[in-house]
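Enquirer: One structure, as structure tokens, below. Some questions next.
The values are calculated or read from the model by the stated rules, or taken from the named source; none is laboratory data. The model shown is predicted, which means the values in this text are computed figures rather than measured ones. Please note: Cβ atoms are built from the backbone with ideal geometry, for glycine as well, and neighbour counts cover all protein chains shown. Side chains are part of the model used for accessible areas, which takes the heavy atoms of the whole protein and leaves out ligands, DNA and RNA. Shrake-Rupley method; radii C 1.70, N 1.55, O 1.52, S 1.80 Å.
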Amino acid sequence: MTGLKMKNGKVKRFSVKIGLAVCAPAVLICGCEKQQSIAENKVHVGVTYYNQSDTFLNELLECFEEDLKDYQKSGIETTVTIRDAAGAQRTQNDQVEELIDAGCDVLCVNLVDRADPSEIIDLARDHDVPIVFFNREPVAEDLLQWDKLYYVGADADQSGVFQGELASDLIKNDGTTDKNGDGKIQYVVLEGEAGHQDAIIRTENAVETMKNNGVQLEKLSYQIANWNRAQAQNRMQQLIAQYGDRIELVLANNDDMALGAVDAYEKSGYAKEEYPAFFGIDGTDVGLQAVVEGSFSGTVYNDKEGQAEAMAELAVALVTHDGLQNMEFERGKYIYLPYEKITSGNVKDFLDETETGS
């Protein structure tokens, strides 16, 4: 499934890896009672996500709501109810129960704890309500608990590799990155959550990619900042106090934490030419603007438009039983959207003209 669209002035990329096509009849068949309970051409989607402070998820869900509205042009009435779990799995479990009781036909779930979806799955299965997990990938074994469970997201390995490649290119092409001229890059990492799969993968792959590209590295420290800009600013201020001008590179697991690191330097009294290089991941609107302004040396674009479109298409197909057989999945259940590397050279392709000031 590939495509290239314009949405709100932005290039909208929807490129799904080709894999096994879903063909099991069980996925398409629903009990008579369930079919009768669903008004024809009406789809009620229930969404719960881990925390409303996450900039990327807010942008993704904004795109998702727009995509659902587009189905009304083809005669399908769609409604969506969104709940914020505020970082509590217990709260999210309760929200799923409430969404099901409210008559939602399909659920889109961004897990608080990717390793603890069983109660949500049991609730959905008991009421025959399919689930599209998104952004936070459940453990593979959990997705096999029922044939109406799917995942839409991106490959964390690729995001780390791309971040490492961006940093490697900068170091090789810009001699000013190695500020102390010792032939090594002293770096720090701002990591998402402790033990979180994507955070670990992003960090490990970024560092290994740089090493594989011949970059000599010296890790000064890493700090957990829970994907949060304010926490990252606080952690970075501590690192600046400890390491001073030795820090030459900041690798952040997402744009919000990279922005928090920049905030810390802006309050530190250092001149901009003394700042380290900053790299993020996600390509949020504010992250892209940071590339335009030169605050970031680069970021990795996480295709929120493509993921939102895939989520909407899958959610509607699961309820209407129309089109699911034409969708293509990896391993029968997964849709992955590719990342893209963003630098000052191509960032304007991902921003509205008004946002870039052109």
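Enquirer: Picking from Glu191, Glu165, Glu248, which residue would you name as being under 23 Å from Thr55 (Cβ atoms), modelled with pLDDT of 95 or more and in contact with a strand residue (DSSP E or B) (Cβ under 8 Å, 6 or more places away or on another chain)?
Expert: Selected residue: Glu191, the only one of Glu191, Glu165, Glu248 that is under 23 Å from Thr55 (Cβ atoms), modelled with pLDDT of 95 or more and in contact with a strand residue (DSSP E or B) (Cβ under 8 Å, 6 or more places away or on another chain).
Enquirer: Residues Glu204, Glu137: which one is closer than 30 Å to Ala85 by Cβ, of a type in the set (D, E, K, R) and touching a strand residue (DSSP E or B) at 6+ places or on another chain (Cβ under 6 Å)?
Expert: Just one listed residue meets the conditions, Glu137.
Enquirer: Quick check on my filter: what residues within the range 172-215 are of a type in the set (D, E, K, R), under 22 Å from Tyr275 (Cα atoms) and touching a Phe, Trp or Tyr at 6+ places or on another chain (Cβ under 8 Å)?
Expert: Glu191
Enquirer: Further, regarding this structure: Return the pair list, or none, for Cβ contacts closer than 7 Å from residues in the range 125-139 that are farther than 12 Å from Val96 by Cβ and charged (D, E, K, R) to residues that are open to solvent by less than 40 Å² (accessible area, probe 1.4 Å) and at pLDDT 95 or above, at least 6 apart or on different chains.
Expert: Every condition considered, the pairs that remain are Arg136/Tyr50; Arg136/Asn110; Arg136/Leu111; Glu137/Tyr151; Glu137/Gly153.
Enquirer: Consider Leu190 carefully, then state whether it is within 24 Å of the chain's Cα centre (by Cα) and buried (at least 20 other Cβ atoms within 10 Å of the Cβ).
Expert: Yes.
Enquirer: I'd like the full set of residues that are open to solvent by 30 Å² or more (accessible area, probe 1.4 Å), touching a residue at least 60 places away in the same chain (Cβ under 8 Å) and outside any helix (DSSP H, G or I), limited to the range 53-94.
Expert: Passing the criteria: only Ser53.
Enquirer: Here's a follow-up. Mind checking which residues of the range 121-170 are part of a helix (DSSP H, G or I), of a type in the set (A, V, I, L, M), within 19 Å of Asn93 (Cβ to Cβ) and open to solvent by 10 Å² or more (accessible area, probe 1.4 Å)?
Expert: If the condition is that a residue be part of a helix (DSSP H, G or I), of a type in the set (A, V, I, L, M), within 19 Å of Asn93 (Cβ to Cβ) and open to solvent by 10 Å² or more (accessible area, probe 1.4 Å), then Leu123 is the only one that fits.
Enquirer: If you don't mind, another one. Identify, please: which residue in the range 194-229 is open to solvent by 70 Å² or more (accessible area, probe 1.4 Å) and in a helix (DSSP H, G or I) and is, among those, nearest to Ser159 (Cα to Cα)?
Expert: Glu204
Enquirer: Checking Gln233 against (1) part of a helix (DSSP H, G or I); (2) open to solvent by 20 Å² or more (accessible area, probe 1.4 Å); (3) within 14 Å of Gly164 (Cβ to Cβ), which test does it fail?
Expert: Here Gln233 meets the rest and fails (3).
Enquirer: Also: Please list, ordered by first then second residue, the pairs with beta carbon atoms under 6 Å, 6 or more apart or interchain, first in the range 282-295 and more than 19 Å from Leu57 (Cβ to Cβ), second of a type in the set (Ser, Thr, Tyr) and modelled with pLDDT under 95.
Expert: From the range 282-295, the pairs are Val292/Thr356.
Enquirer: Something else about it: Within the range 42-52, how many residues are surrounded by fewer than 24 Cβ atoms within 10 Å (Cβ to Cβ) and more than 14 Å from Trp227 (Cβ to Cβ)?
Expert: Qualifying residue count for the region: 3.
Enquirer: Between a first residue in the range 96-120 that is closer than 14 Å to Val47 by Cβ and assigned to a helix (DSSP H, G or I) and a second residue that is open to solvent by 10 Å² or more (accessible area, probe 1.4 Å) and of a type in the set (A, V, I, L, M), which pairs have beta carbons less than 7 Å apart while being 6 or more apart in sequence or on different chains?
Expert: Listed by first residue and then by second, the contacts come to Val96/Leu123; Ile100/Leu123.
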